[in-house]
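Here, each number is a calculation from the coordinates, and none is a lab measurement. Computed from a predicted structure; not experimentally measured. Quick reminder, even Gly has a Cβ in these numbers, built from the backbone with ideal geometry, and neighbours come from all protein chains shown.
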Amino acid sequence: MENTTSGAKGLLQKTELLFEYGRLDVSGVDVAPIANPQVRLGNMKRQQNPQLPGLTEPEAVRHYVRLSQRNYAIDLGMFPLGSCTMKHNPRLNEAMARLAGFADIHPLQPQSTVQGALELMHELSFWLTTLTGMQAVALSPKAGAHGEQCGMLAIRAALDANGQQHRRRVLVPKSAHGTNPATAAQCGFSVDEIGQTANGRVDFADFYAKLGDDVAAVMITNPNTCGLFEPQIKEIADAIHAAGGYFYCDGANFNAIVGKVKIAELGVDAMHINLHKTFSTPHGGGGPGSGPTVLSAALAPFAPVPLVVKTANGFELVENASGEAEQAFGRMVAFHGQMGMYVRALAYMLSHGSDGLKQVAEDAVLNANYILASLKDVMSPAFEGYCMHEALFDDSFLEGTGVTTLDFAKAMIDEGFHPMTMYFPLVVHGAMLIEPTETESKNTLDGFIASMRALAVAAKSNDISKFDHAPHLAPSKRLDEVMAARKPVLKYV
Amino acid sequence: MRYLPLSDENRQSMLGTIGAKSVDDFFTDIPIFARLNAPIAELPGHKTELEVSRHLSAMAAKNVAAGTVPFFCGAGAYRHHVPASVDHIIQRSEFLTTYTPYQPEIAQGTLQTLFEFQTQVARLLDCEVANASMYDGSTACAEAVVMAARVTKRNKIIISGGVHPHYAAAAQVLAQNIGLEIVMLDAAIDDEKAVIAHLASDIACVVISCPNVFGTISDLSDISRAAQAQGALVVGVFTEVTAFGLIQPLGAMGCDIVVGEGQSIGNALNFGGPYVGLFATREKYMRQMPGRLAGETVDLDGNRGFVLTLSTREQHIRREKATSNICTNSGLCALAFTVHLSLLGQKGLGQVAAKCHEMAVEVAQALESIDGVTVLTEAFFNEIAVSLPKPAAQAVDELAAKGVLGGVPYSRLDPNCSAQMQNVLLVAATETNTKADIEALATALKEVL
């Protein structure tokens, strides 16, 4: 059956836009009537209605529930999106973040009335600095890229404080997340790419050759974007330090090593930690995130405000660049960062404890290696040997089949899985980066492996029906992204 | 451990498949001196759900929740009533536990709501295009300044003394390292037009605010015309988006880039975050915008659908030449905004805004009857600056001791402000305030002055 009169397909309901059936004279919120008719708006009353339609509550709930059913989600199935760490989001954390004592407090209430909130920030800081062995942490960055900015601005401030203003070049591997070069540029640095070896690690010789007295820092993701630990990480740190620069470590992949590695021992000067990855605050369809940035003793004095400190009289929020924060490089954001994410992350840390977090890393890495080992005979691993928390394949196993990485990913949708990260890292041809995380059971992994094997076998035996125009079973067919970009329609008209 | 599905038996069996003796085999690239071979002793072991709940609830109980006292804090974060259905929707698994919609065939829920969000934001602010959200108002302001410099190829920025000091600070931090010069004007209750005197042919943009940090609402149209005549862009900033249910939006006053905080619609106070930054501009600057954009297209069957678009502006494609490094934004907070605004519609928003204004007028009337207190903000939406006969920070602490959260001392935002400004208290009201709250505030304030 092709079409229904209603436009629905059984459980999959029609999803009109709000603007197509909402009404301008309707509201789903009842507001108490005005008792005092006085106004003090000057001449500033709005002249034209904003043309915002409203829905009653039953209509609104149905509108968004229908839309929700067109989304894939970690609660529905495996979401092995490499580099993004889609793990289970415990609901306890949601409940804790919604306690009135956390959700219904204002960032500028007198500090005496928010001692519990400051205590929570202090305790989270303790966990983050203890897990990494680092000197200090700046909590306020709002996401991973913002944390990178925090670290790079601290580096810049430290260089400037030491009369090193000529150091403005930052070394970034080709395999890095796009945020790394973008951040370096946004902090006023030039970007110099360093290459990669055939076994997926930073090309130490290329790195070493590019050092110089204008180098400010090197930014390295570890474990790297190929899902591998950089074995020469300490040598890189020592070399950049000897050359007068700093070591920024992108902590996006901290999940693989939390509780297993003391970051400070690797010579790291700054590293952001995505609370929305390693510490399981929900991704929410693209945020909010949170990117606290741990700092070495050399960079700690330059951390941005605000800071939480413990005093004899309780907890104090240092909000201005004076006293203890005299050398702070400034303020990155209004208020104090992502409190809602701090609560969730601390709930997650407390639940796992020191022992559980170590198990998190071990199970995440075990799961990835299980996938790698189980698929290596039918797919093509990008590199030899074990991986960390991500299994990376290239597209050489698809050579001659006419099936691309994109086709393969879309066929996975029909199998009921969210595709892996595609075409990243850029240094691997047709990359397929699979990150199962520790919250998948062996049963789920076995199902995933069976589907992947079947797809790989089908592709190789030229049975392309599963790939041609896939996905076939998703709520939408393949969408025309070229048209969207050529004639952008960014709002309903 | 309740979140880890693998049993020891599973682990052994998987190691067997892999051909590894133990998980330690996977960690051999880590230098020995950096390995942690046992759980970190300084951190506690795992806790039950009940234990975690007790631990965190005890901390939460040490805070004074806004809903439990007469409450008048604003200055960039506002306590509004958010219908219960909003939180229900954003806690649905399909929205809460999904990622940035990279696979549009299985992400139409997120993509269509972002498209609705962009449409609502553009209409509310009276702008041509809006993006799919920024981290918050302050970072949106910072990005707007950098974008204006990119568009105009100029490097000097004038920020009015009515802009929230934290927003100015966030802009400063982003701008100063890429060769932009920021001129920050002195704090002023009602003088956005002071930026006009600083206009010159090297100015990239002026940053002005309505409502401003002192609650003042004023027509910015003349400033926009003056700035644009000099080739500068106008960045219009706000911290209380509810205002635009009642007052002229910044787009209608000629601002080229309109940025601000969307927290008031759909989102709780959360001690400052997560919030949702709104970012809107003219269509001709669309390709210079930071952040994600959802756009309309069709699928292979010709059915309407939505995708992330114009990503050649973004870091994952353009790397060091990207318009911004932003990646993750405020997706779920944007969803909360959209669901709440869909419930409100222009009708409900107008009513809520009118109620906020009514309460603020009541506050102004109550406070101006107190000896020594002067209301400084002449035209306002829901927030006023009042001058006290003593430092506002001290008064606020004394009010808190009496169980009233009476507002935000301006000096908290700008500790080096003038002696006169040290006595300025910012007092906000919303539809959540009652007459009894306002009486309690006035009574307590009389006692502490």
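If you keep only loop residues by DSSP, which chymotrypsin sites (Phe, Trp or Tyr not before Pro) in segment A:414-493 have at most 12 other Cβ atoms within 10 Å of their Cβ? Each step should come with its number before you reach the end.
Working: sites: A:Phe417, A:Tyr423, A:Phe448, A:Phe467, A:Tyr492; in loops: A:Phe417, A:Tyr423, A:Phe467, A:Tyr492.
Qualifying residues, ordered by number: none.
Estimate the FRET efficiency between B:Ile196 and A:Ala161 by the formula 1/(1 + (r/R0)^6), using the beta-carbon distance for r and 35 Å for R0, to the nearest 0.05. Let's see the in-between values first.
Values: r = 37 Å, r/R0 = 1.06.
Once the sixth-power term is evaluated, E becomes 0.40.
Give the percent of DSSP beta bridges with both residues in chain A that are antiparallel, rounded to the nearest 5.
Antiparallel bridges: around 55 percent, rounded to the nearest 5.
Gap in Å between the Cα centre of segment B:250-327 and the Cα centre of segment A:319-356?
26
Rounded to the nearest 0.05, what FRET efficiency do B:Arg304 and B:Arg54 have when you use their Cβ-Cβ distance and R0 = 51 Å?
Rounded to the nearest 0.05, the efficiency is 0.55.
Just to confirm my numbers, what's the Cα centroid distance between segment B:5-51 and segment A:136-198 in Å?
32
Pull up the DSSP beta bridges for the protein assembly as shown and report the antiparallel fraction as a percent, rounded to 5. Walk me through the numbers before you get to the answer.
Details: 51 of 86 bridges.
Restricted to the protein assembly as shown, the bridges split so that about 60 percent are antiparallel.
Where both partners of a DSSP beta bridge lie in chain B, what percent of those bridges are antiparallel, to the nearest 5? Walk me through the numbers on the way to the answer.
Details: 23 of 41 bridges.
Just about 55 percent of them are antiparallel.
Pairs to check: A:Lys442/A:Lys477; A:Lys87/A:Lys142; A:Lys491/B:Lys347. Give those whose C-alpha atoms are more than 26 Å from each other in this structure.
On the way: A:Lys442/A:Lys477 31 Å; A:Lys87/A:Lys142 20 Å; A:Lys491/B:Lys347 21 Å.
Violating the 26 Å limit, Cα to Cα: A:Lys442/A:Lys477.
Taking 8 Å as the Cα distance limit and 6 or more residues as the minimum spacing, I'd like the relative contact order of segment A:259-308 as a percentage.
39
Using a Gaussian network model of chain B with C-alpha springs under 10 Å, which one of B:Ser224, B:Ser418, B:Ser138 is most mobile by mean-square fluctuation?
B:Ser418
In which sequence would B:Cys73, B:Cys141 go, from the one with the fewest C-beta neighbours within 10 Å to the one with the most? Don't jump to the answer; show the numbers that get you there.
Values: B:Cys73 25, B:Cys141 34.
Placing the least packed residue first, the sequence is B:Cys73, B:Cys141.
Averaged over its residues, how many other protein chain Cβ atoms are within 10 Å of peptide B:283-289's Cβ atoms?
Averaged over the peptide's residues, the number is 1.
Please compute the average number of Cβ atoms from other chains found within 10 Å of each residue's Cβ in peptide B:173-182.
On the way: counts 10, 7, 1, 5, 13, 5, 1, 1, 0, 0.
That average works out to 4.
Determine, from the Cβ-Cβ distance of A:Tyr492 and B:Asn37 and an R0 of 60 Å, the FRET efficiency 1/(1 + (r/R0)^6), rounded to the nearest 0.05. Intermediate values should be presented prior to the final figure.
Numbers: r = 58 Å, r/R0 = 0.97.
Using R0 = 60 Å, I get an efficiency of 0.55.
Can you give the calculated 222 nm mean residue ellipticity of chain B, where each DSSP H run of n ≥ 4 adds -39,500 (n - 2.57) and the sum is split over every residue, rounded to the nearest 500 deg cm²/dmol? Please report the intermediate quantities before stating the final value.
Details: 14 runs with 163 residues, N = 449.
That calculation yields -11000 deg cm²/dmol at 222 nm.
Cα gyration tensor of chain A, axes a ≥ b ≥ c as square roots of the eigenvalues: rounded (a/c below 1.5), prolate (a/b > b/c) or oblate? List each step's numbers first, then the result.
Details: a/c = 1.71, a/b = 1.03, b/c = 1.66.
Oblate, because a/c is 1.5 or more while a/b does not exceed b/c.
Do any GluC sites (Glu not before Pro) in segment B:357-390 lie in a loop, going by DSSP, with at most 16 other beta-carbon atoms within 10 Å of their beta carbon, and if so which?
On the way: sites: B:Glu358, B:Glu362, B:Glu368, B:Glu378, B:Glu383; in loops: B:Glu378.
Listed in order of number, the matching sites are B:Glu378.
Which whole-number percent is the relative contact order of chain A (Cα, under 8 Å, 6+ apart)?
Across chain A, relative contact order equals 18 percent.
Of B:Ile32, A:Ile449, B:Ile326, A:Ile263, how do they rank once you tally other Cβ atoms within 10 Å and put the fewest first?
Values: B:Ile32 8, A:Ile449 17, B:Ile326 30, A:Ile263 24.
In order of increasing Cβ crowding within 10 Å: B:Ile32, A:Ile449, A:Ile263, B:Ile326.
What ³J(HN,Hα) values, in whole Hz, does the Karplus curve 6.51 cos²θ - 1.76 cosθ + 1.60 give for segment B:136-149 when θ = phi - 60°, with x put for Gly and Pro?
The phi angles translate into 6, x, 5, 6, 5, 4, 4, 5, 5, 4, 5, 5, 4, 5 Hz.
Using label points projected 7 Å from each Cα along Cα→Cβ, tell me how many nm separate A:Gln51 and B:Gln288, to one decimal.
The modelled label-to-label distance comes out at 2.5 nm.
If you filter segment A:8-110 for trypsin sites (Lys or Arg not before Pro), then keep DSSP loop positions with at most 11 other Cβ within 10 Å, what is left? Can you show the working numbers first?
Numbers: sites: A:Lys9, A:Lys14, A:Arg23, A:Arg40, A:Lys45, A:Arg46, A:Arg62, A:Arg66, A:Arg70, A:Lys87, A:Arg91, A:Arg98; in loops: A:Lys14, A:Arg40, A:Arg46, A:Arg70, A:Lys87, A:Arg98.
Qualifying residues, ordered by number: A:Lys14.
Sort A:Met379, B:Met1, A:Met432, A:Met422 so that the residue with the fewest other Cβ atoms within 10 Å of its own Cβ comes first and the one with the most comes last. Spell out each step's value before the answer.
On the way: A:Met379 26, B:Met1 16, A:Met432 29, A:Met422 20.
Ordered by Cβ neighbours within 10 Å, fewest first: B:Met1, A:Met422, A:Met379, A:Met432.
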